[in-house]
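Read the structure below first, then the notes.
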Amino acid sequence: MVYFKRWAARAALGLAVAGLGGCASFEFTKPAPAQQQPIAVKLSGEDLSGWSDLPIGTYRVPDSQVIVSGHQKGAGAGMLFGLVGVAIAHAANANAGGQTVKDVEDTLRIKLNDQITAAVGQVISSQSLGSKFTQTEAAGATTMLLTPGVVLSFVSETDVRPFVVLKASLQGADKKPLWTTRYMASTGAAKPLTGEGSWTDQNGAALKVAIQASLDQAVRVMLTDVSQPYKRDDAALTVVQGNFPYVKPRLQIVGYKLAEDDRYVTFIPKLGDVLVFAGVNVLDKNVTVVRTATKEDAVFKTIDDTPVKKQ
């Protein structure tokens with residue numbers, strides 16, 4: 001069993017690094033194509049895809065947009081990849097995830113649709129992006145479809161970090177796809193899922209606050225990046241050490257730093273689209289290490305659980 005776990009960990013790392021090879025797709029790292037007319041922003045009405053957006057063994061809370069991950073056991077390399085070609089242990093792990101949250105499922109029946117609509121409207125108005133975006137679909141206009149999710153990622157046996165995920169897809173007036181990526185954000189420190197002071201304590205009050213803060217960040221970064229894309233600079237790569245959606249261990253990843261302020265760093269892993277956290281990640285700097293990459297840095301590796309000091 002110990003040998004298998006070590007092999008699985010090495011396989012996961014090897015496959016992730018292989019995603020950097022010549023056969024990998026890097027569409028999620030690319031900026032959105034410029035549009036001459038305002039982009040209509042609307043909800044897709046769909047859920048994140050179990051085939052391309054989620055690792056195996058995730059659990060979907062019924063009647064919600066909440067996904068539980070990081071609890072999976074024995075999934076090996078499949079922990080980092082979508083379900084295509086990697087279906088082993090999915091049912092068992094999904095059932096285990098359901099058991100983990102069964103006592104608090106009512107608190108976790110969360111949908112973001114109304115909050116997303118409000119946040120998009122607020123950013124368009126407050127940042128004078130009305131000439132770039134609209135929330136009214138018009139004939140002949142490009143549409144940006146948003147598919148949301150709340151990912152509760154276990155980062156230890158008890159502690160969970162919530163992420164807001166927005167899959168953004170541009171389609172032309174002819175409904176043909178033009179571009180797709182994900183915008184993912186997390187705010188604050190991890191907490192236990194249940195118990196006093198947990199995410200679900202007091203009817204999920206702390207969870208609701210964290211989700212709203214993360215959603216606001218994801219929407220702001222998304223609309224800014226689509227209207228005037230941040231530079232993806234191969235000559236100025238950055239190393240980030242922290243937690244990413246769906247994955248239990250902390251990771252070190254090399255990629256593009258798009259923006260940074262006192263609280264958040266906006267970062268794109270320079271990794272293939274097959275990884276479920278490929279796309280634009282907005283990370284809380286209080287629990288994330290950010291530095292300039294060197295030639296000696298591994299593009300992707302797991303790191304220990306040494307606490308991060310506030311910067």
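Quick check on my filter: what residues within segment 135-148 are touching a Pro at 6+ places or on another chain (Cβ under 9 Å) and not hydroxyl-bearing (Ser, Thr, Tyr)?
ALA138, ALA141
If the requirement is being over 19 Å from ALA119 (Cα atoms), assigned to a strand (DSSP E or B), aromatic (Phe, Trp, Tyr) and out of contact with any His (no Cβ under 6 Å at 6 or more places or on another chain), which of these qualifies: TRP199, TRP179?
TRP179 is the lone residue from the list that is over 19 Å from ALA119 (Cα atoms), assigned to a strand (DSSP E or B), aromatic (Phe, Trp, Tyr) and out of contact with any His (no Cβ under 6 Å at 6 or more places or on another chain).
Would you check if there is a residue in segment 294-303 being part of a loop (DSSP other than H, G, I, E, B), among the acidic types (Asp, Glu) and over 15 Å from the mean Cα position of the chain (by Cα)?
Yes; the residues of segment 294-303 include at least one that is part of a loop (DSSP other than H, G, I, E, B), among the acidic types (Asp, Glu) and over 15 Å from the mean Cα position of the chain (by Cα).
Kindly list the number of the only condition in (1) crowded, with 21+ Cβ neighbours inside 10 Å; (2) in contact with a helix residue (DSSP H, G or I) (Cβ under 9 Å, 6 or more places away or on another chain) that fails for GLN217.
(2)
State whether one or more residues within segment 221-231 are in contact with a strand residue (DSSP E or B) (Cβ under 6 Å, 6 or more places away or on another chain), within 28 Å of PHE26 (Cβ to Cβ) and of a type in the set (Gly, Ala, Ser).
Checked against the condition, which is being in contact with a strand residue (DSSP E or B) (Cβ under 6 Å, 6 or more places away or on another chain), within 28 Å of PHE26 (Cβ to Cβ) and of a type in the set (Gly, Ala, Ser), segment 221-231 yields no hits at all.
Does MET222 fit the bill of being in a helix (DSSP H, G or I) and either out of contact with any Lys or Arg (no Cβ under 7 Å at 6 or more places or on another chain) or touching a residue at least 24 places away in the same chain (Cβ under 8 Å) (or both)?
In short, yes.
Looking at LEU170 and the list (1) out of contact with any Pro (no Cβ under 8 Å at 6 or more places or on another chain); (2) under 13 Å from VAL41 (Cβ atoms); (3) part of a strand (DSSP E or B), which single condition is not satisfied?
Result: LEU170 fails condition (1) only.
Quick test of your reading of the structure: VAL239 fulfils all but one of (1) touching a residue at least 40 places away in the same chain (Cβ under 8 Å); (2) not in a strand (DSSP E or B). Name the failing condition by number.
(2)
Of the residues ASP225, ASP174, which is buried (at least 19 other Cβ atoms within 10 Å of the Cβ), more than 14 Å from PHE277 (Cα to Cα) and not polar (S, T, N, Q)?
Result: ASP225 is the single residue among ASP225, ASP174 that is buried (at least 19 other Cβ atoms within 10 Å of the Cβ), more than 14 Å from PHE277 (Cα to Cα) and not polar (S, T, N, Q).
In segment 31-72, how many are at negative phi, among the small types (Gly, Ala, Ser) and either modelled with pLDDT of 95 or more or surrounded by fewer than 21 Cβ atoms within 10 Å (Cβ to Cβ) (or both)?
8
Within segment 192-207, identify whether any single residue is buried (at least 16 other Cβ atoms within 10 Å of the Cβ), over 18 Å from LEU108 (Cβ atoms) and modelled with pLDDT of 95 or more, and answer yes or no.
No - not one qualifying residue is present in segment 192-207.
Has segment 243-258 got any residue that is in contact with a strand residue (DSSP E or B) (Cβ under 7 Å, 6 or more places away or on another chain) and in a helix (DSSP H, G or I)?
Checked against the condition, which is being in contact with a strand residue (DSSP E or B) (Cβ under 7 Å, 6 or more places away or on another chain) and in a helix (DSSP H, G or I), segment 243-258 yields no hits at all.
Does segment 260-283 hold any residues that are under 21 Å from LEU223 (Cβ atoms) and over 13 Å from the mean Cα position of the chain (by Cα), and which are they?
Correct list: GLU260, ASP261, ASP262, ARG263, TYR264, VAL265.
Residue by residue through segment 24-63, note down the ones that are of a type in the set (Asp, Glu), under 26 Å from THR134 (Cβ atoms) and more than 16 Å from the chain's Cα centre (by Cα).
The one that is of a type in the set (Asp, Glu), under 26 Å from THR134 (Cβ atoms) and more than 16 Å from the chain's Cα centre (by Cα): GLU46.
Would you check which residues across segment 114-132 are surrounded by fewer than 18 Cβ atoms within 10 Å (Cβ to Cβ) and part of a helix (DSSP H, G or I) and list them?
ASP114, THR117, ALA118, GLY121, GLN122, SER125, SER126
Of the residues LEU215, LEU207, LEU166, only one is among the aliphatic types (A, V, I, L, M) and over 18 Å from VAL120 (Cβ atoms); which?
Unique residue meeting the criteria: LEU207.
The values are calculated or read from the model by the stated rules, or taken from the named source; none is laboratory data. Only a predicted model underlies this, so the values are computations on that prediction, with no experimental measurement involved. Don't worry about glycine lacking a Cβ; one is built from the backbone with ideal geometry, like all the others, and counts go over all protein chains shown.
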